[in-house]
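Novice: Structure in structure tokens, see below.
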Amino acid sequence: MPLTRTQWGGLVQRRPSTTGFFRVAQIDDVWWLIDPDGGRFISKGVNTVRFDQDAIRGTDRVPYAQACQRKYQSQDSWRAAAARRLLSWGFNTIGAWSDDAVAPAGPKPLALTPIVDLGATFGARREAQGEPAEAFPDVFDRDFVHHVNKRAVELCSPRRDNSDIIGWLTDNELRWGQDWRGRDELLTIFLNWPPARAGRNAAMTLLKKRYDQIVGFNSVWRTNFHSWDELATAREVDAPYRRKPIYDRSVATEAKENAADPNRAAFVADCEAFAQIVAHTYFATTSAAIRAADPNHLVLGCRFAYPPEVKIIDAAAHEVDVLSFNCYDVDPSRPIDAASSTGKPLMITEFSFRGDDAGLPNTRGAAPRVRTQADRARSFELYVERGLRSPALVGYHWFEHADQPAEGRFDGENSNYGTVTIRDEVYGDLTRTMTAVNAKAEQIHANVVHWAA
């Protein structure tokens with residue numbers, strides 16, 4: 001028997017409670033998004049749904065746009081076709097970096113999850129002024145609050161009455177610690193800023209509270225500073241220990257190494273305490289700014305590159321409505337379990353699989369590589385079904401709409417991420433499986449108590 005759905009794709013409920021906007025609710029211990037018509041909604045999305053996706057690196061040539069111009073003659077015709085196609089595959093959301101004009105272009109509306117880059121744009125200001133780029137925005141800078149509030153008013157306030165927006169993503173893949181971009185801790189990043197920087201002063205304040213004398217700091221950090229003033233003005237502060245990125249880190253190994261070396265344990269505690277302060281400041285500031293500018297839509301978090309340390313997640317959970325993160329694991333269960341400890345609903349805002357039979361290099365970019373398109377389809381099915389068996393998951397967004405150019409996009413990525421080729425040819429195995437999985441997503445999620453049993 002076919003399911004009865006709202007215009008948004010949510011399941012019609014017996015006694016719908018409508019607000020005209022998306023919200024979250026826990027029903028029988030399972031988290032859901034509730035759509036503007038009161039339907040139980042899982043956000044099934046695709047990222048980068050846009051005509052002008054991916055110029056070839058170092059050029060202004062966009063092969064996908066050229067192919068679509070020949071095929072559809074205009075961007076509006078392409079938008080209508082793309083929207084119809086996504087809806088036919090059971091998707092109900094266009095994810096990050098998409099053309100918002102696609103959302104209303106089909107026979108039914110698609111929902112939106114725009115990124116407003118509150119922190120990233122603040123950090124980019126210094127680089128624009130000729131200063132070194134910041135690995136993380138200085139959330140302690142007195143101008144940070146002003147910048148975030150101003151940007152939220154500019155981007156969120158004009159759309160506060162739009163029913164098609166699920167909520168706002170505050171940023172994308174900020175560097176919360178060690179990852180592919182570097183092995184630095186947030187604490188060491190801030191300690192190596194110029195002495196007058198507010199963030200460095202915040203790091204110094206924390207360390208002075210944790211150590212009575214500089215000699216205690218020296219013992220743990222393997223340094224030989226003569227005073228706190230000397231540390232505060234040092235040109236470079238090295239971390240005495242290097243931890244693996246969170247996605248490669250073993251909890252058991254970390255505990256074993258900390259137990260074997262009390263100084264390592266103390267260093268890790270320093271780093272985690274500071275990261276918690278940074279996270280609290282960031283999420284409190286950005287969430288307050290969005291809610292002041294737009295009280296109608298959800299705050300979806302900052303699109304973590306991967307769920308970070310527990311203290312960072314906990315700080316975020318106190319401020320946001322939904323915790324969002326990207327996850328290129330074969331199975332999302334481990335990161336979902338880690339983030340579920342907060343009790344908040346979760347959204348996976350990026351995942352994918354790349355097929356080696358697509359004729360693309362697949363040498364740059366995240367996501368597991370599989371042999372064939374059939375393997376790719378099966379991987380999607382297993383990933384999503386495992387994710388939906390968590391009571392916390394309220395959305396999953398595939399990266400991305402079209403393949404990347406073989407020559408590489410702006411950052412060199414050259415992979416088979418698409419639901420369609422760069423010539424706008426549909427990947428049949430993948431999209432047929434997506435259609436089948438999307439159709440039963442709510443039933444899988446509603447049966448989560450059964451799965452757990």
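Novice: Take each of the peptides 109-122, 227-240, 57-70, average the number of other beta-carbon atoms within 10 Å over its residues, and list them starting from the highest.
Specialist: Ranking the peptides 109-122, 227-240, 57-70 by packing returns 109-122, 57-70, 227-240.
Novice: Related question: What whole-number distance in Å separates the alpha-carbon centres of the stretch 168-227 and the stretch 64-80?
Specialist: Answer, in whole Å: 49.
Novice: Could you compute the net charge surrounding T6? Neighbours are other residues with a C-beta less than 15 Å from the C-beta of T6; K and R count +1, D and E count -1.
Specialist: Every neighbour counted, the sum reads +3.
Novice: What value, in deg cm²/dmol to 500, does the helix sum -39500 (n - 2.57) over DSSP H runs of n ≥ 4 give at 222 nm once divided by the residues of the chain?
Specialist: -12000 deg cm²/dmol
Novice: Mind ordering 363-370, 135-142 by average Cβ neighbours within 10 Å, highest first?
Specialist: Highest-to-lowest ranking by the protection proxy: 135-142, 363-370.
Novice: For a distance above 17 Å, tell me the whole-number percent of Cα pairs in the stretch 39-103 that qualify.
Specialist: Here the tail beyond 17 Å accounts for 45 percent of pairs.
Novice: While we're looking at this one, here's another question. Treating cross-link reach as a plain straight distance, find the aspartates and glutamates whose alpha-carbon is under 17 Å from the alpha-carbon of K440, omitting any fewer than eight places away in the same chain.
Specialist: Those aspartates and glutamates meeting the cut-off are E381, E385.
Novice: Students often get this wrong, so check it: of K44/K311; K108/K344; K256/K311; K71/K108; K256/K344; K209/K344, which have C-alpha atoms separated by over 25 Å?
Specialist: K44/K311; K108/K344; K256/K344; K209/K344
Novice: Using the basic label-point model (7 angstrom from Cα toward the beta carbon), what is the K208 to R378 distance in nanometres?
Specialist: Roughly 6.1 nm, to one decimal.
Novice: To continue, here is another question. Taking the stretch 302-453 as the region of interest, what is the percent of Cα-Cα pairs per 5 angstrom bin, listed from the shortest bin to the one with the maximum distance?
Specialist: 2, 10, 18, 20, 17, 15, 10, 6, 2, 0
Novice: Give me the one-decimal nm value for the distance between modelled label points at D52 and V330, 7 Å along each residue's Cα-to-Cβ direction.
Specialist: Modelled inter-label distance: 4.0 nm.
Novice: What do the square roots of 5 times the Cα gyration tensor eigenvalues come to for the stretch 362-405, in whole Å, largest first, as semi-axes of the equivalent ellipsoid?
Specialist: 22, 13, 9
Novice: How high is the FRET efficiency from A234 to A292, r the C-beta distance, R0 41 Å, rounded to 0.05?
Specialist: Calculated value: 0.60.
Novice: Using a cut-off of 13 Å between beta-carbons, work out the net charge of the residues near G408 (Lys and Arg +1, Asp and Glu -1, G408 not included).
Specialist: -1
Novice: Using a Debye calculation, one point per C-alpha and no hydration shell, please list log10 I(q)/I(0) for the stretch 1-134 at q = 0.10, 0.15, 0.20 Å⁻¹ in order.
Specialist: Here the Debye-derived log intensity ratios amount to -0.48, -0.86, -1.12.
Novice: Against the longest alpha carbon principal axis of the chain, how many degrees, from 0 to 90 and to the nearest 10, is the axis of helix 142-155 turned?
Specialist: 10
Novice: Would you mind getting me the FRET efficiency between W180 and Q7? Use the beta-carbon distance for r and R0 = 41 Å, nearest 0.05.
Specialist: Between W180 and Q7 the formula returns 0.50.
Novice: Right, something else. Classify the stretch 176-279: rounded, prolate or oblate, from the alpha-carbon gyration tensor (a ≥ b ≥ c, eigenvalue square roots; a/c under 1.5 rounded; otherwise prolate if a/b is larger than b/c)?
Specialist: Oblate shape, in that a/c is at least 1.5 and b/c is the bigger or equal ratio.
Novice: Moving to a separate point now. With a/c under 1.5 counting as rounded, go ahead and sort the stretch 379-453 into rounded, prolate or oblate using the C-alpha gyration tensor (a ≥ b ≥ c being the square roots of the eigenvalues; past the cut-off, prolate if a/b is larger than b/c, else oblate).
Specialist: Cα axes put the stretch 379-453 in the prolate bin.
Novice: Run the quick spin-label model on R369 and Q66: label points 7 Å from Cα toward the beta carbon, then report their separation in nm to one decimal.
Specialist: Going by the 7 Å Cα→Cβ label model, 2.6 nm.
Where a number appears in this text, it was derived from the coordinates with a stated rule and is not lab data. Since the structure is predicted, the reported quantities are computational estimates derived from the model, not experimental observations. Cβ: placed from backbone, ideal geometry, glycine included. Neighbour counts: every protein chain shown.
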